[in-house]
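Data first, discussion second: the structure below is written as structure tokens.
The values are calculated or read from the model by the stated rules, or taken from the named source; none is laboratory data. Keep in mind the model is a prediction, meaning the values are calculated, not measured. Here the Cβ positions follow ideal geometry from the backbone for every residue, glycine too, while neighbour counts run over all protein chains shown. Side chains included, ligands, DNA and RNA excluded: accessible areas come from the protein's heavy atoms. Shrake-Rupley method; radii C 1.70, N 1.55, O 1.52, S 1.80 Å.
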Amino acid sequence: MTQTIKLKIDEIEVSVEKGKTILEAAQSAGIRIPTLCHDRRLTPFGACRLCVVQQKGKSELLPSCFTPVREGMEIITRSPEIFKSRRLQLQLLLLNHPMICPRCEKEGECVLQDLLYEYGVLETLYPWERVDFPLDEVSPLLQRDPNKCILCGRCVRICDEVQGIGELSFIRRGIKTAIDTDFHRPIRCEFCGQCLDTCPVGAITSDCFDYRTKAWELQETTTPCPYCSCGCLLVMGSKEGEIKRVFSDPEKGPNDGNLCVKGRFGWDFVDHPDRLKTPLLRVNGTLKETSWEEALRFVVDRLEKIKERYGAETIGGLVSNRLTNEEYYVLGKLFRGGIGTELIASRSKGTALTEGLAKTLGYPASTNSIREIRKADCLLLIGVDPALSHPIIKNEIHLAIRRNRAQLIVLGSYDIGLSQSTRNSPLSLPSILLLDRPGSEVSLLNGMIQTILREGLEDREFIAERTEGIEGLKQRVLSHQPGAMPEVERAAKIYASAKKAMILIGSGLWSHLDQKAVAIASSNLALITGHIGKESSGILVLLEKCNSQGALDMGLSPEGSHLLNRASEGKLKAFYLVGEDPLNLDSEPLRKALQGLELLVVQDLFLTETAKLAHVVLPASAFVEKEGTFTNLERRVQRLHPLRPARDDSKPDLEIFLRLLELLECRLPAGTPEAIFEEIGRSVHHYQGIGKGEQWPKGATYLYADGFPLGRAKLIPPEEREPKRQSEAYPFYLLQRPSLFQSGLLSSRSEALKKVWEKPSLEISPEDAKSLGIEDGEMVEISNPKGQSLRLKANHSPRPARGVITVPYPCPILEDEGTDLVRIKSLKPACRQAGKEEVE
């Protein structure tokens, strides 16, 4: 039970948890204590000494940021001695800080500037010859001016403590101390901009932000990020509809004020010159501008004729996982009610994972919240590198490892940066690697379950009271021969004995997992150990896009790949694509099939490869131009707030769907996003009664605390599929790996992200490379049994398992498959003859 401490601060009675600092206690009571080096995301540092306070009756000055509260304390935050001390510290800071406030990018939002004004400090009283430091004006996205730095250390600490990167550090000593990279080289990191975000002065800036617009001129709009499923809240500062800078509020959303590179800098696609401006209609083989009414009437007329001639089952729709809940809800009515077909789907692989969870637990969703990760004792990662796909999740894992000494277990076919960092740090436990060929994930999980049952490490009380099917599971799992990997047994024992353990499973179009089977096996593992239905114990599915969960909640089928196959087989006559570009990988059979359709409608922000073939192209609005809600991977429903009207003649997807329903003479749902959300609350039972910013079901930060919707959770023996067998001709498994800087259509239109794109390369283990005689950096060709091939540079990497190679997503020779068998051929002689060093 949490112990409460009572104290007085400036004669105000305050109650806080034991272990809190005086500063935290003051902030909880709304009492301001000035700081420069404090960031609540970081451990106390005590560098600036501006937060000093006094205990009543004592003259000693206490740094409030790391002095813990004690029962009965009486604290004074303002006195002549405190005022004098703070003035002195500010004067010392000005020894090497230029007083150029009117010309500084941070003017109007600089904490130091505000404090100098508050304490009447105009210049330093201690003359000193200023030390000049070299600027960094060559790093992409981030620029640094050490001459403005006050050495608070916040950038160094957030890069180390939260990001786990350690790109910046203190160099030299005394008055020559500075913060820099090693040897003053340009920054090479994740480019998350966390250092920029935490800097209280103008020492770190970004050329992506427009500082000519001052802070007091900005209109701030808070809205969810349009990229991954973490649901980070962006605070977008804009003027006259133009975004000038982006940050996040630590008090709002699941991301604790943290953002990744795509969230902080990847928003510029909304102003890309290639944005569609007006509807296009194909006339005599050419796409020409037309009116909205003509375009939509053409769509409705064609749909009705195709339905009458061929039947509604020949009409399909493929939808992005970036629409709002309200748009999915109305789109379902358009297809099921207006057209009469169930062929409306997304191409998200992760929904098979949530379906597996629904089968065993009850809800098709992750069981816990993002911020619970940091409190876990054991973290099992399956087929995912969160640093690349979900960087905010990576931060939470790093915090668990760093602050909670959590044990990391990585199960899959390649190692990840997080586990490599644990082996190099004395502050954390070395990670456990369970690496095997693709398709072995379920077998490895069953091996862990087998060890737990054989050793008697299961939670018998939990199993007896809250599950069913244990005998069938035992019979299936224990009948197998014990696994040969001792690390599996070690991982199983650590997971079973942990007080709080979480499983994180990867998803996305790059994923090669047998999604449903992995979800069921993971659920079995969590259930037999009782690691579910409580804080920091459960399963998180790292869905791919910003509203993958919402699409599932609104009844959208995940069978997008099946729908594309139907199109390729000529079984569709009309295809409506919303935010999807299946031809981005140039599939020739699908291209021919789309060209043969009687109606192809593409609704998007850009004229994609698929849109170039369309009969009708409808320009959609960007996320900053529409209302509605997204549901993130932790089931949190968050509202989109538009910062400007729709650009040019584009329209929100919701408005387009409603007009099509009207033209089809169907009963219309309520017309505004707010009213439609209320209707959703009446139709979707777990959305009932929840408000914006809350998780469903109402009041549940984690699921199953009070039981399971099924009555008892089901232990189901998953089927182990035999992995593809390597052959002498094709001895390597080819996997795709996600990219931190490039994840699809939106990021490909971000000029900011293009500055930091990595060049595509193949990763191969040094042992495999040596056996093939492939040198690091050498050009190679990989080919599959279908005759498809790809040329790119090979890099030696310790990450892939033996017999596995990885390439960046999207890989044109994998299409929608998660893995394939390939062979590798060196191109060193060919490159030398052609004088060619790189093929992209």
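For the pair LYS214 and ARG667, what calculated FRET efficiency results from E = 1/(1 + (r/R0)^6), where r is the Cβ-Cβ distance and R0 = 35 Å, to the nearest 0.05? Mind dumping the intermediate values first?
Numbers: r = 50 Å, r/R0 = 1.44.
Efficiency for this residue pair is about 0.10.
Taking every DSSP beta bridge with both residues inside the chain, roughly what % is antiparallel (nearest 5)?
Values: 59 of 110 bridges.
Restricted to the chain, the bridges split so that about 55 percent are antiparallel.
Per the helix-only calculation at 222 nm, which mean residue ellipticity applies to the chain, given -39500 (n - 2.57) for every DSSP H run of n ≥ 4 and division by its residues, nearest 500 deg cm²/dmol?
On the way: 26 runs with 230 residues, N = 840.
Per the formula, -7500 deg cm²/dmol.
If we count every other residue with Cβ under 15 angstrom of THR43's Cβ, Lys/Arg +1 and Asp/Glu -1, where does the sum land? Let's see the in-between values first.
Details: positive: LYS20, ARG40, ARG41, ARG154, ARG157, ARG374, ARG402, ARG403, ARG405; negative: GLU24, ASP39, ASP160, GLU161, ASP256.
Charge balance near THR43 sits at +4.
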Tell me, how many Å apart are the Cα centres for segment 690-764 and for segment 330-361? 18
Relative contact order in percent for segment 214-370 (Cα pairs under 8 Å, 6+ apart) equals 11
Test of understanding: what is the full-extension gain from VAL684 to GLU293, defined as 0.36 nm times their sequence separation minus their Cα-Cα distance? 137.5 nm
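Quantify, in whole percent, the carbon and sulfur part of the accessible surface of segment 592-634 (1.4 Å probe; protein heavy atoms only). If you can, show how the numbers build up before the last one.
Values: 390 of 890 Å².
Here carbon and sulfur together make up 44 percent of the probe-accessible area.
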Quick one: grab Rg to one decimal and Dmax as a whole number for the chain, Cα atoms only, in Å. 28.6, 91
How long, wide and thick is segment 697-821, going by the Cα atoms along their three principal axes, in whole angstroms, largest first? 58, 43, 28
Placing +1 on each Lys and Arg Cβ and -1 on each Asp and Glu Cβ in the chain, then taking the dipole about the Cα centre, the residue among LEU61, LEU331, LEU509 whose Cα reaches farthest towards the positive end is LEU61
From the Cα centre of segment 570-591 to that of segment 1-54, the distance in Å is 58
Please work out the C-alpha center-to-center distance from segment 622-650 to segment 443-495 and express it in whole Å. 44
Projecting the Cα atoms of SER548, LEU281, ILE676 onto the charge dipole of the chain, where Lys and Arg contribute +1 and Asp and Glu -1 at Cβ, the residue farthest towards the positive end is SER548
If you place +1 on the Cβ of every Lys and Arg and -1 on the Cβ of every Asp and Glu, how big does the dipole about the Cα centre of the chain come out, in debye to the nearest 20? 1160
Quick tally, 1.4 Å probe accessible area for THR43, THR221, sorted with the most first, runs THR43, THR221
For LYS793, what accessible area in Å² do you get when you roll a 1.4 Å probe over the heavy atoms of the protein chains, rounding to the nearest 10? 60
Relative contact order of segment 525-628, please, whole-number percent, based on alpha carbon pairs below 8 angstrom and at least 6 residues apart. 18
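Please give the per residue accessible area of segment 1-104, computed with a probe of 1.4 Å over protein heavy atoms only, in Å².
Details: 5540 Å² over 104 residues.
Value returned for segment 1-104: 53 Å² of accessible area per residue.
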Does a label point 7 Å from the Cα of GLU465, set along Cα-to-beta-carbon, have any residues of segment 501-528 with amide nitrogen under 16 Å, and which are they? 527-528
Between the modelled labels at VAL283 and GLU569 (7 Å from Cα along Cα→Cβ) the distance in nm is 3.9
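Counting DSSP beta bridges with both partners in segment 531-651, what percentage is antiparallel, nearest 5?
Values: 5 of 15 bridges.
Just about 35 percent of them are antiparallel.
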In nm, spacing of pseudo-spin labels at LYS592 and GLN788 (7 Å Cα→C-beta vector): 1.6
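With a sphere of radius 11 Å drawn around the Cβ of PRO785, what net charge do the other residues whose Cβ falls strictly inside it have (Lys, Arg +1; Asp, Glu -1)? Before the final figure, lay out the partial values.
Values: positive: LYS724, LYS786, ARG823; negative: ASP820.
Here the count lands on +2.
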Rounded to the nearest 10, the angle in degrees between the Cα long axis of helix 515-528 and the longest principal axis of the Cα atoms of the chain comes to 50
Run the 1.4 Å probe and let me know the accessible area of SER15, rounded to the nearest 10 Å². 70
How high is the relative contact order of the chain, in percent, with contacts defined as C-alpha pairs under 8 Å that are six or more residues apart? 13
Placing one identical point scatterer on every Cα of segment 578-643 and ignoring solvent, what is log10 I(q)/I(0) from the Debye formula at q = 0.18, 0.26 Å⁻¹? -0.75, -1.04
So the label point goes 7 Å from the Cα of TYR117 along Cα→C-beta, right? Which residues of segment 210-249 then have their backbone N under 15 Å from it? 214-218
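Can you sort GLU461, GLU326, GLU107, GLU535 by 1.4 Å-probe accessible area, starting with the largest? Provide the component values of the computation, followed by the final result.
Numbers: GLU461 125, GLU326 0, GLU107 40, GLU535 65 Å².
Highest to lowest solvent-accessible surface, that is GLU461, GLU535, GLU107, GLU326.
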Could you give me the percent of Cα pairs per 5 Å distance bin for segment 37-173, shortest bin first, beginning at zero and ending with the bin that holds the maximum distance? 2, 8, 15, 19, 20, 16, 11, 6, 3, 1, 0
Please give the helix 292-310 orientation as an angle from the longest Cα principal axis of the chain, in degrees from 0 to 90, rounded to the nearest 10. 40
What accessible area per residue, rounded to a whole number of Å², is obtained for segment 534-665 using a probe radius of 1.4 Å? 30
Given points 7 Å out from each Cα along the Cα-Cβ axis, report the PHE170 to GLU535 separation in nanometres with one decimal. 3.4
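Rounded to the nearest 0.05, what FRET efficiency do GLU11 and PHE183 have when you use their Cβ-Cβ distance and R0 = 56 Å? If you can, show how the numbers build up before the last one.
Values: r = 53 Å, r/R0 = 0.95.
E between GLU11 and PHE183, to the nearest 0.05, is 0.55.
Give me the accessible area per residue for segment 230-380, probe 1.4 Å, as a whole number in Å². Kindly include the intermediate steps, with their values, before the conclusion.
On the way: 4920 Å² over 151 residues.
I get 33 Å² per residue for segment 230-380.
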LYS58 accessible area, 1.4 Å probe, all protein chains in place, Å² to nearest 10: 110
Signed unit charges on C-beta, dipole axis of the chain, positive-most listed residue LEU792, GLY257, LEU583: GLY257
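Taking the Cα centre as origin and putting +1 on Lys and Arg beta-carbons and -1 on Asp and Glu beta-carbons, what dipole magnitude results for segment 369-432, to the nearest 20 debye? If you can, show how the numbers build up before the last one.
Working: 8 positive and 5 negative charges, 56 e Å.
So the dipole magnitude of segment 369-432 works out to roughly 280 debye.
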Accessible heavy-atom area order of PHE575, PHE298, highest first, probe of 1.4 Å: PHE298, PHE575
